[in-house]
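Contents: one structure, followed by commentary.
We did not get these values from a lab; they are worked out from the coordinates using the rules stated. As the structure is a prediction and not an experimental result, all values here were calculated from the model. When we count neighbours, we look across all protein chains shown, and the Cβ atoms used for this are built from the backbone with ideal geometry, even at glycine.
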Amino acid sequence: MKQAIVVLAEGFEEIEALGTADILNRCGIMTMLAGISGSIVSGAHDIRVAPDMFLEHTPGSDADAIILPGGLPGATNLMNCEVLGAMVREAVAKGKIAAAICAAPIALHAFGVLDGKTVTGYPGTEKLSTRPGLTYTGELVEHDGNIITGKAPGATPFFAAEIARALGVNPATVQGVLNGMFIRP
C-alpha cells in the first residue's frame with residue numbers, strides 16, 4: 001500500500017490538508033497527518049486538528065509522497081522547518097513525490113527542489129521566494145517529474161487526484177472517487 005504524509009504547520013489551509021488526505025484515503029493510499037509543532041495544530045481559519053504524529057517521529061523515508069498544504073502563515077512555517085526541508089530533499093533525491101498547493105510551493109522552492117521546474121501556486125506567492133529558477137504557470141495543477149503543485153483551495157480535488165495517479169492509482173479509480181464526491185445539480 002502506498003503511503004503519503006500531509007504536513008501541518010500552524011496556519012495551514014484546512015481544505016487543502018484535509019481534502020487532500022480524504023481523497024487520497026478514498027483512493028486507497030494510507031495518508032497520515034504530521035504536525036511540525038504541538039499536539040494540536042490550528043489552521044488558517046481556526047479549525048484545530050490533532051495530527052497522527054509529530055514530524056520528527058514520522059518515517060518520512062518510508063512515505064511515497066510528502067504533501068504540503070498552503071495557507072498563511074502555514075506555508076511560511078513549513079518553509080522555516082529544517083527537519084521538513086531535509087525530509088523533502090531526501091524524498092526528491094529518491095524519486096518520491098513532493099507536492100505543495102497554494103502558498104506552499106514557496107517552501108519547496110526554499111528547500112531547493114524546484115530549480116528548473118514548472119509549478120503553479122496561489123497568485124502572487126511566486127514572488128515570495130528569493131531563489132531563482134522558478135517557472136510559474138497559474139494552472140490549476142502542474143506535474144513536473146516528481147513535483148506536483150496546485151493553485152489554490154478550489155484546486156484541491158484536482159491536486160489530490162494528480163498525486164493519486166502519480167502514486168499508481170488507476171485513473172478510473174481516481175475518477176470514480178471524484179465522481180462519488182461531486183454531485184451535479
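Near PRO69, once Lys and Arg are set to +1 and Asp and Glu to -1 for all other residues with Cβ below 10 Å from its Cβ, the sum equals -3.
Quick one: LEU55, LEU178, fewest Cβ neighbours within 10 Å first, how do they rank?
Details: LEU55 21, LEU178 17.
Going from sparsest to densest Cβ surroundings: LEU178, LEU55.
The local environment of LEU33, defined by Cβ-Cβ distances under 13 Å, has a net charge of -3 under the rule Lys, Arg +1 and Asp, Glu -1.
Arrange the following residues from fewest to most other Cβ atoms within 10 Å of their Cβ: LEU114, LEU18. Write down the numbers at each step before the final one.
Numbers: LEU114 26, LEU18 19.
Sorted ascending by nearby Cβ count, the order is LEU18, LEU114.
If both residues of a DSSP beta bridge must be in the chain, then about 20% of such bridges are antiparallel.
Taking every C-alpha pair closer than 8 Å and separated by at least 6 residues, the mean separation divided by the residue count of the stretch 61-117 gives a relative contact order of 45 percent.
I want the local charge near GLU162. Using Cβ-Cβ distances under 13 Å, sum +1 for each Lys or Arg and -1 for each Asp or Glu among the other residues.
Around GLU162, the charge tally is -1.
In terms of its Cα atoms, the stretch 1-73 spans 33, 24, 16 Å along the principal axes, sorted from long to short.
Multiplying the sequence separation of GLU82 and HIS57 by 0.36 nm and subtracting their Cα-Cα distance, what value in nm do you get? Walk me through the numbers on the way to the answer.
Values: separation 25, 0.36 × 25 = 9.00 nm, distance 1.42 nm.
7.6 nm is the gain from fully extending GLU82 to HIS57.
Find the relative contact order for the stretch 3-175 and round it to a whole percent, using C-alpha pairs within less than 8 Å whose residues are 6+ positions apart. Provide the component values of the computation, followed by the final result.
Numbers: 427 pairs, mean separation 36.8, N = 173.
Over the stretch 3-175, the number comes to 21 percent.
Simple point charges give the picture: +1 on the Cβ of Lys and Arg, -1 on the Cβ of Asp and Glu, and for the chain a dipole about the Cα centre of about 340 debye.
Placing pseudo-labels 7 Å out from each Cα toward the beta carbon at MET1 and THR137 gives an inter-label distance of 3.3 nm. The phi-based Karplus calculation (6.51 cos²θ - 1.76 cosθ + 1.60; θ = phi - 60°) puts the 3J(HN,Hα) values of the stretch 145-153 at x, 9, 10, 10, 10, x, 7, 6, x Hz, whole numbers, x for Gly and Pro.
Going from the alpha-carbon gyration tensor of the stretch 3-175, what semi-axes, largest first and in whole Å, does one get by taking the root of 5 times each eigenvalue?
On the way: eigenvalues 76, 71, 50 Å².
They are 19, 19, 16 Å, listed largest first.
Residues ILE66, ILE40 in ascending order of nearby Cβ atoms (within 10 Å, fewest first): ILE40, ILE66.
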